[in-house]
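Input: a single structure, listed below in C-alpha cells.
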Amino acid sequence: MIEVKGLHKSFGDEHILRGIDFVFETGKTNLVIGQSGSGKSVLMKCMLGLFTPDKGTIEYDGKPYSTFTDEQKRDLRQEMGMLFQGGALFDSMTVEENVMFPLRMFTKKKKSELKTRVDEVLERVNLVDSGKKYPAEISGGMQKRVAIARAIVNRPKYLFCDEPNSGLDPHTATVIDNLIHELTVEYDITTVVITHDMNSLLEIGENIAFLKDGVLAWKGDKSKIFKTDDETVTDFVYSSDLFKKVREAQQQGL
Amino acid sequence: MRYLQSIGEYFLMLKGVFGRMTKRSVLKELIFKEIDGIIIGSLGIVAFLSFFIGGVVALQTALNLNNPLIPKSLIAFAARQSIILEFSPTFISIIMAGKVGSFITSSIGSMRVTEQIDALEVMGINSLNYLVFPKIIAMLTYPFVIAISMFLGVLGAYTAAVMGGFVPAQVFLQGLQEEFEPFHLFYAFFKTFLFAFILATIPSYHGYYMKGGSLEVGKASTTSFVWTSVVIIVTNYIVTQLLLS
C-alpha cells in the first residue's frame, strides 16, 4: 500500500501538486486520471523517488519515504517495477537480455537460474518465441509486454505504469490492461496506472484518483465514475463523442 | 553564465560517474563492449588516415626542399617530428571527436529521449556510472591506437619518400633516428591520455544532459564535436607550453 498525504510540489512559480491525499491499495489497479498538466506524472515521479516533494509525505506500507536511509531507498527502488510510456527497452539488448537485466544487476543467482525465471515471465506475457529478437524487431504491443515482463521479473511490491496504452490499437490496449490487472492480483502488487484511456477506466479502474490542477478532485471506482454528477469529472469522462453518445443513449433509456 | 553552469554540471557529472559502482561482472562486460565499439571500431579509419597523411607530410617536405645544402634526411626527421608530436596525438583525437564523440553523444542522447536512462534510475542503478565509466576505462586503451597511428604514419612517410624516389632508404632511416628525444614520446602519450579522458566525458555530458527529441540528438552531437575539439586544442596548447617550452 502506498499512502500519499498532503503532497505539494512546485517548479519555480508553478505549483503543480496542491495537497494530494490518496491511498493506493495493494492487490488493486489504482488509476490516476486527469487532463494533461493536471500533475499525474509529477505525482508518479514523486512516488518513484525521482522528485522530492516540497511538503507532505509518501508512505510505503506505513513507512514514510522521508525517513528512509540511502540504502533503504535503494532497496525500495528494487521493489518497484516501472512500465514507461514508450516501453524504454534497451535497444542494444535482446528481449531476453532486457528482461534478465534487473535480475543480473541485483541478484547473485547463476545464469541458468536467471534464464529459468526469464522464460517463466516471458511465458506469462505470451512472448516465449521472441526472446532472441531485438526491441526494434517486435511490434509496439509486444514491446509493452516485454516492458511488463521486465518490470515484474524481480517480483516487485509496487508497479508503476505511465500511460501503458498510448500508441496501441484498442484490442492490444485491452490485452495490456488485462495483463496488468491479472499480474496485480496474481503477485498481490500495489499497481499505479496513469492513463487518459477511458477504456482502461472501464476495464481495470478499481480505485480511481481524478486530478485537476494539482488537486484530487474526485476518488472512487469504475462503478461510481459513470454515475457521478460531479461536473469536473463528467466533463473529462464524457469528453469523447463515443462516450457522449453512450451517455445520451443511457439518459434516453435506450 | 550558461557556460559556467555547464562547466559546473560537467564536474558534477564526473562526481556521479565515480559514485556508486555498477556490479563488477556487468561492468566488465560493458567495458569490453566499449573497447570493441570505440577502439577496435576506429582502427580502420585511423590506420588509413595515418598512412596517407604520413605520406603527404613526407611528399610536401621533399617537394619543398629546394636548397641543396639541406640534407635529404630532413624529410624523415620532419615527418617523424610532425607525426609523433602533433598529427597522431592531436589531429587523430580531433577526428575521433567526430567519429567516437558523435557516436557517444547520440547513443546516450537517444537513451535519454526514449526514457532508457530514466528506466535505469528507477531500477536504482547509477546511470552515470553505468553509461560513462565503461567508456572512460575503454578509452585508457586509446594510446595503443595512437601508437599504431604513429607507426603507420612513419611507414606512410617512408613509402612515399623512398618509393617515390625522393630519398634513399638508408638516408631516410638515418634521418628518422636523428636527434630523437624519448621525452617527446612521453609528451605525446601524456597528452593522449588527457585527450582520451576528454573524448569519453565531454560527448557523454552532451548526450546525458540533452533535452528534447530526436532532432536535438543531432544538435547535441554537433555541439559535442565542437566543444570536444575546442577543449582538445586548448589542452594541447597548455600541455605543450608546460612540457616543451
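Throughout, read-outs are computed from the coordinates displayed, never taken from laboratory work. The shown structure was predicted, so the numbers you read here are calculated from the model rather than taken from an experiment. As a convention, Cβ positions derive from the backbone with ideal geometry for all residues, glycine included, and neighbour counts pool all protein chains shown.
Among A:V185, A:F68, A:T172, flag the residue with its Cα farthest along the positive direction of the charge dipole of chain A, charges on Cβ as +1 for Lys/Arg and -1 for Asp/Glu. The Cα lying farthest towards the positive end belongs to A:F68.
For the pair A:E186 and A:D91, the difference between a 0.36 nm per residue extended length and the Cα-Cα distance amounts to 31.3 nm.
Computed about its Cα centre, the charge dipole of chain B is approximately 340 debye, with only Lys, Arg, Asp and Glu carrying charge at their Cβ.
Each label was represented as a point 7 Å from its Cα along the Cα-to-Cβ direction; for A:R155 and A:K245 these points are 4.8 nm apart. Measuring how big chain A is from its alpha-carbon positions, Rg and Dmax come out at 18.9, 64 Å. Out of B:I95, B:L85, B:G165, whose Cα points farthest toward the positive end of the dipole of the stretch B:69-166 (charges: +1 Lys, Arg; -1 Asp, Glu; placed on Cβ)? Value: B:G165. The simple spin-label model puts a point 7 Å past each Cα toward its Cβ; for B:I148 and A:V23 those points are separated by 6.5 nm.
For the pair B:L173 and B:S110, a Förster radius of 56 Å applied to the C-beta separation gives a FRET efficiency near 0.70, rounded to the nearest 0.05.
Within the stretch B:12-31, list the residues whose amide N lies under 20 Å from a label point set 7 Å along Cα→Cβ of A:E71. Label zone hits: B:19-24. Averaged over peptide A:102-115, the number of partner chain Cβ atoms lying within 10 Å of each residue's Cβ comes to 2.
Each principal axis of the Cα atoms in the protein assembly as shown has its own extent, and those three values, largest first, are 109, 51, 45 angstrom. Helix A:241-251: angle to the longest alpha-carbon principal axis of chain A, degrees 0 to 90, nearest 10? It works out to around 50 degrees. The convex hull of the Cα atoms of the stretch A:1-132, projected and averaged over all directions, covers 10.3 nm².
Compared with the dominant Cα axis of chain B, that is its longest principal axis, helix B:142-158 is turned about 20°. Summing charges over all other residues whose Cβ lies under 12 Å from the Cβ of B:R112, with Lys and Arg as +1 and Asp and Glu as -1, gives -3. Inter-label distance, A:D230 to A:K132: 5.3 nm, where each label sits 7 Å from its Cα along the C-beta direction.
Listed peptides B:67-75, A:171-179 appear in the order A:171-179, B:67-75 once ranked by packing, highest mean of other Cβ atoms within 10 Å at the front.
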